[in-house]
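The structure under discussion appears below in the form of structure tokens.
What follows is calculated from the coordinates using simple rules that are stated; it is not laboratory data. What you see is a predicted model, and the numbers here were worked out from it, not measured in a lab. Note: ideal-geometry Cβ built from the backbone for every residue, glycine included; neighbour counts use all protein chains shown.
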Amino acid sequence: MEFTQSQSVYAEIVQKAWEDPQFKGELMANPAEAIEKATGHKLNLPAGKTLVVRDQTDESTVYINIPAMPNTEDVELNEDQLEAVAGGHGGLDPSMPPPYFPTDPFVDYL
């Protein structure tokens, strides 16, 4: 499996936070600035968006991230989805993640 550029950057940031307590502190205090400093690239967060970093290294705690609800008002099905519905497909493919879960934490931000 090959990582995308943003997945590789994410992995590097996590690795650095594990290994460097000072960086981890900077990342927790000001995520965008710490990531920009570490990567040499400016983050392009959309207006009104905030980057939040939480320390989830406590192995005695289970964390659950609740994503935003998907906007389904203007959703249009593609040809394959229309075919599946027209063919009486029984539902979503359980091997595929729900479409609203982020799979690439920095997609469109680097």
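Quick notes on this one:
- Principal axis dimensions, largest first and in whole angstrom, of the stretch 1-43 by Cα: 32, 22, 13
- Each Lys and Arg adds +1 at its Cβ and each Asp and Glu adds -1 at its Cβ; summed about the Cα centre, the stretch 1-43 shows a dipole of about 80 debye.
- The residues packed around K16, meaning those with a beta-carbon under 13 Å from its beta-carbon, carry a net charge of -2 if Lys and Arg are +1 and Asp and Glu are -1.
- Cβ-based net charge around A86, under 12 Å, with every Lys or Arg adding one and every Asp or Glu removing one: -3
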